[in-house]
Amino acid sequence: MNSEYNAQEIEAQAQKYWQENKLFEAIEDNSKEKFYCLSMFPYPSGRLHMGHVRNYSIGDVIARYQKMQGKNVLQPIGWDGFGLPAENAALKNKVPPAKWTYENINYMRQQLTELGFGYDWSRELATCHPQYYRWEQWLFVKLFEKGLVYKKNAVVNWDPVDQTVLANEQVIDGRGWRSDALIEKKEISQWFMRITDYADELLEGLDKLDGWPDAVKTMQKNWIGKSIGLEIDFTRKNFDTLSVYTTRPDTLMGVTYLAIAAEHPLALEAGKDNPAVQAFIDECKAMETSEAAMETMEKKGIDSELKCTHPITGEVVPIWVANFILMGYGTGAVMSVPAHDERDYEFAKKYNINIKQVINKDKNTNEGAITDKGVLFNSGQFDGLGFDQAFDKIAKTLEDKNLGSKKTNYRLRDWGVSRQRYWGCPIPVINCPSCGSVAVEESDLPVVLPEEVSFDGVGSPIKKMPEFYTTTCPKCGKAAQRETDTFDTFFESSWYFSRYTCKDNSKAMLDERANYWLKGGGVDQYIGGIEHAILHLLYARFFNKLLRDEGLVENDEPFKNLLTQGMVLKDGAKMSKSKGNTVDPQEMIAQYGADTVRLFILFAAPPTQDLEWSDSGLEGAHRFINKVYRLVKDFIKDQVSNPVGSLDNLNEIQQNIRFKTHQTLKKITDDMERRHLFNTVIAALMELSNTLSKFTDTTDTSMVVRKESLHILLKTLSPIAPHLCHHLWQELGHKTAIINEPWPSIDESALVQNKVQIIVQVNGKLRAKLITHADTSKAQVEAQALADENVAKFIDGKTVIKVIVVPNKLINIVVH
Ligand code: ANZ
Ligand code: ZN
């Protein structure tokens with residue numbers, strides 16, 4: 001028997017045992033409650049980083065804990081295989097992206113194994129395998145038939161020197177990453193998915209996601225950005241109209257100008273006869289169009305000299321062209337109310353446009369726009385109304401004149417899924433000169449991405465491979481070309497969690513097993529980074545609804561509970577390669593063992609908060625692991641034979657040990673289950689082991705007490721430090737694996753501290769024995785005695801004359 005803790009040996013043995021006994025292979029079983037525990041799958045970048053270790057340690061503790069609760073647990077893992085880094089690495093190292101990716105997967109799989117994560121490896125998948133992506137091509141074809149995908153022009157980054165489209169990451173300060181050329185905006189035809197058809201359901205579904213952090217739900221809500229307003233027509237000459245979208249129709253009587261986007265048809269029309277307007281439009285074209293940039297840039301505009309008529313007052317209103325109006329939102333035109341909107345105020349001040357206040361009489365526009373809602377004035381027939389009344393009455397008035405109607409708008413746009421990259425899933429479409437875009441026939445799927453390619457970084461190799469793209473049209477049979485764009489890699493990560501349930505199915509995308517694992521609200525626990533709060537989680541929710549409407553799954557939502565873990569910091573900054581402050585998990589595992597690394601990372605902070613890396617913290621974790629090891633080894637040394645004895649007659653010290661043990665168990669069960677506070681679980685177990693290390697008594701009864709406590713310590717520590725606990729459990733002589741043990745149950749009677757036995761007499765004769773706290777009050781002891789069944793029998797129908805209490809010893813009830 002080794003007397004020194006040897007992490008390498010213990011961990012290799014435990015991992016071998018789990019693997020040989022297939023302890024984490026999940027099988028569908030309707031007689032058991034299922035628990036699907038999922039951590040966001042990694043991008044195979046080459047090596048695990050500490051953020052991964054944290055994410056996967058949290059997931060593993062939850063999965064192992066739920067298994068000990070008797071649930072049928074599924075914890076799968078796989079690889080988010082496609083993506084740009086593989087292309088960059090290919091260029092640098094002269095290996096095809098596929099080869100690089102598969103090599104990384106092999107290395108990282110070994111790392112995950114060494115960390116002891118309880119994955120069902122039989123379900124491992126990589127999204128860059130044709131057996132995976134064929135099914136998203138299949139789904140795309142279905143959606144194509146349903147009209148849920150369509151083609152539209154969209155802007156891309158165009159490198160005029162390399163003659164290629166660049167990803168946003170490849171544009172650095174406005175220049176191409178390789179060519180250093182000034183990047184141009186270019187419009188090309190791309191594929192979109194109608195996520196906006198699901199905007200309302202995606203929004204309303206958030207209310208039912210009780211297991212999600214509020215912050216994430218708020219971010220999604222804002223991203224969807226539902227707003228209810230009016231579309232109002234301002235008439236122009238020849239009965240033409242200019243429609244605006246507003247959420248504040250109550251300010252209609254304060255409109256002093258209209259503002260339209262530079263791309264608005266009316267602006268283009270004005271530009272034809274007005275060179276100054278045209279020059280302004282050209283200037284706007286060169287600008288960045290992201291919403292964030294729109295917020296911060298200087299507000300500029302020009303009077304188009306066109307006019308229109310106010311729908312209520314009939315007054316003439318000037319039309320301006322402005323750089324902060326988005327063509328893609330509402331109608332691309334805004335009724336401007338400088339008195340009540342900050343942007344309009346800034347603009348009106350700059351260009352000397354009239355400001356007319358119509359809300360909140362008691363406030364003054366000298367200091368800026370008055371944006372809060374209030375009572376109308378200066379508004380003719382609408383004076384005195386509040387926001388809701390004014391909204392309704394103005395809507396009604398305009399509807400009657402046929403000059404307006406209620407309208408709901410969303411900030412959410414349809415999802416552009418085309419990428420002009422190589423290392424992605426080919427979009428299964430054939431472009432025919434006569435038939436247009438035709439979906440690839442189901443029987444011809446998958447469209448396989450060639451993996452043996454020479455990669456020079458200038459554009460996608462498949463765009464230069466006639467052997468890939470020349471084909472015939474499935475409709476008319478004429479020569480045609482395959483689509484050479486690939487899907488946005490968010491496509492793959494939007495449904496991988498459902499494919500884990502049946503990844504061996506070569507006949508269908510999903511089968512009944514998906515419903516088994518996803519029933520009751522989807523994945524039971526999803527764990528990942530907050531950086532995925534919006535896009536990944538929204539796309540996954542969207543895909544789940546597409547799959548549901550295709551009849552492939554029953555649940556409405558994919559993730560029932562979501563935990564977003566905090567970042568891993570070093571010296572206060574996020575650990576990252578670019579900052580050069582990373583700690584390599586591999587080195588730490590080699591030095592201390594996986595259990596120490598897991599324990600440290602779970603102990604250093606609650607899962608949802610940021611964690612500061614600390615070498616001394618890691619050493620502290622290591623000392624604790626060693627301490628538990630020694631505790632158990634010392635117990636084994638003290639154990640002559642299998643300790644037998646009862647837990648009924650304990651002395652005070654023994655009682656205290658049991659009290660501490662069960663009190664700890666009670667606390668950590670709650671912290672594990674409800675709050676996921678693994679750091680306080682570990683703190684409580686450290687305290688318990690301190691108590692136990694001082695209790696070295698070797699009497700039979702004490703050995704029984706020690707054994708019970710050690711069992712509880714090992715079982716509850718096992719989700720966190722699984723190798724150590726697996727090893728020590730077997731050292732204690734068990735033939736079973738600790739991971740198959742049920743979570744220990746709390747003995748409430750052990751939680752009664754300082755127990756004393758009190759003799760209850762009636763007229764001097766023994767009638768009962770009570771167990772109570774040593775410090776129980778006289779009145780309470782008396783009440784407890786009188787409530788005893790046997791005592792009641794002897795005082796029934798008699799009068800109690802006197803009750804004598806000898807504290808902690810005796811109570812005598814005198815009756816006659
Ligand atoms: C008049 C008004 C008065 C407005 C007022 C606000 C305050 P959400 O909630 O995001 O839907 N707007 C409409 N279309 C726009 C576009 N294409 N580009 C820029 N701004 C646009 O915001 C709706 C409000 O944003 C609308 O209500 C409109 O300005 C502006 F005191 O109309 B409002
Ligand atoms: Zn054709």
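The values are calculated or read from the model by the stated rules, or taken from the named source; none is laboratory data. Every value quoted in this text rests on a predicted model; they were computed, and no experiment measured them. Here the Cβ positions follow ideal geometry from the backbone for every residue, glycine too, while neighbour counts run over all protein chains shown. Note: areas computed on protein heavy atoms with side chains; ligands, DNA, RNA excluded. Shrake-Rupley method; radii C 1.70, N 1.55, O 1.52, S 1.80 Å.
Please specify each residue of the stretch 105-122 satisfying the condition of being of a type outside the set (D, E, K, R) and either surrounded by fewer than 19 Cβ atoms within 10 Å (Cβ to Cβ) or assigned to a helix (DSSP H, G or I) (or both).
In the first step, residues of the stretch 105-122 are kept if they are of a type outside the set (D, E, K, R); the result is 105-108, 110-113, 115-119, 121-122.
The answer is Ile105, Asn106, Tyr107, Met108, Gln110, Gln111, Leu112, Thr113, Trp121, Ser122.
Residues Thr799, Thr776: which one is buried (at least 16 other Cβ atoms within 10 Å of the Cβ) and of a type in the set (Ser, Thr, Tyr)? Show your work before the answer.
On the way: Thr799 fails: buried (at least 16 other Cβ atoms within 10 Å of the Cβ).
Matching residue, one of Thr799, Thr776: Thr776.
So which of Lys221, Lys226 ends up being within 15 Å of ligand 1 (Cβ to nearest atom), touching a residue at least 24 places away in the same chain (Cβ under 8 Å) and either of a type outside the set (Ser, Thr, Tyr) or out of contact with any His (no Cβ under 8 Å at 6 or more places or on another chain) (or both)?
Exactly one of Lys221, Lys226 is within 15 Å of ligand 1 (Cβ to nearest atom), touching a residue at least 24 places away in the same chain (Cβ under 8 Å) and either of a type outside the set (Ser, Thr, Tyr) or out of contact with any His (no Cβ under 8 Å at 6 or more places or on another chain) (or both), namely Lys226.
So which residues in the stretch 349-366 are within 43 Å of the chain's Cα centre (by Cα) and either more than 9 Å from ligand 1 (Cβ to nearest atom) or assigned to a helix (DSSP H, G or I) (or both)?
Asn360
Output the helices (runs of 4 or more DSSP H) that fall wholly within the stretch 1-104 and possess 2 or more residues being closer than 30 Å to Glu451 by Cα and open to solvent by 40 Å² or more (accessible area, probe 1.4 Å), or say none.
Here the list reads 84-93.
Let me spell it out: the conditions are (1) small (Gly, Ala, Ser); (2) open to solvent by 30 Å² or more (accessible area, probe 1.4 Å); (3) in contact with a Lys or Arg (Cβ under 9 Å, 6 or more places away or on another chain), and Gly477 meets all of them except one. Which number is the exception?
For Gly477, the exception is condition (3).
Might you check whether a residue that is among the hydroxyl-bearing types (Ser, Thr, Tyr) and surrounded by fewer than 18 Cβ atoms within 10 Å (Cβ to Cβ) occurs anywhere in the stretch 397-406?
Among the residues of the stretch 397-406, at least one is among the hydroxyl-bearing types (Ser, Thr, Tyr) and surrounded by fewer than 18 Cβ atoms within 10 Å (Cβ to Cβ), which makes the answer yes.
Would you mind stating whether Ser443 is open to solvent by 10 Å² or more (accessible area, probe 1.4 Å), at pLDDT 95 or above, assigned to a loop (DSSP other than H, G, I, E, B) and more than 16 Å from ligand 1 (Cβ to nearest atom)?
It is false that Ser443 is open to solvent by 10 Å² or more (accessible area, probe 1.4 Å), at pLDDT 95 or above, assigned to a loop (DSSP other than H, G, I, E, B) and more than 16 Å from ligand 1 (Cβ to nearest atom).
Just to verify a result, which residue in the stretch 419-433, among those that are within 16 Å of ligand 2 (Cβ to nearest atom) and assigned to a loop (DSSP other than H, G, I, E, B), is surrounded by the fewest Cβ atoms within 10 Å (Cβ to Cβ)?
Checking each candidate, the answer is Pro433.
Suppose the filter is touching a Pro at 6+ places or on another chain (Cβ under 8 Å) and open to solvent by less than 30 Å² (accessible area, probe 1.4 Å); does Gly229 pass it?
yes
Taking Asn72 as the residue in question, decide whether it is in contact (Cβ under 8 Å) with a residue 40 or more places away in the chain, in contact with a Lys or Arg (Cβ under 6 Å, 6 or more places away or on another chain) and more than 19 Å from Gln565 (Cβ to Cβ). Let's see the steps before the verdict.
Numbers: in contact (Cβ under 8 Å) with a residue 40 or more places away in the chain: yes; in contact with a Lys or Arg (Cβ under 6 Å, 6 or more places away or on another chain): yes; more than 19 Å from Gln565 (Cβ to Cβ): yes.
Yes, satisfied.
I need the full set of residues from the stretch 327-344 which are more than 8 Å from ligand 1 (Cβ to nearest atom) and under 12 Å from Gly254 (Cα atoms), in order please.
Pro338
Filter the stretch 635-649 for residues that are exposed (fewer than 15 other Cβ atoms within 10 Å of the Cβ) and of a type outside the set (A, V, I, L, M) and give the result.
Lys637, Asp638, Ser641, Asn642, Ser646, Asp648, Asn649
Identify, from the list Gly436, Gly457, Gly368, Gly386, the residue that is away from ligand 2 (no atom under 16 Å from the Cβ), under 30 Å from Gln137 (Cβ atoms) and open to solvent by less than 50 Å² (accessible area, probe 1.4 Å).
Result of the check over Gly436, Gly457, Gly368, Gly386: Gly457.
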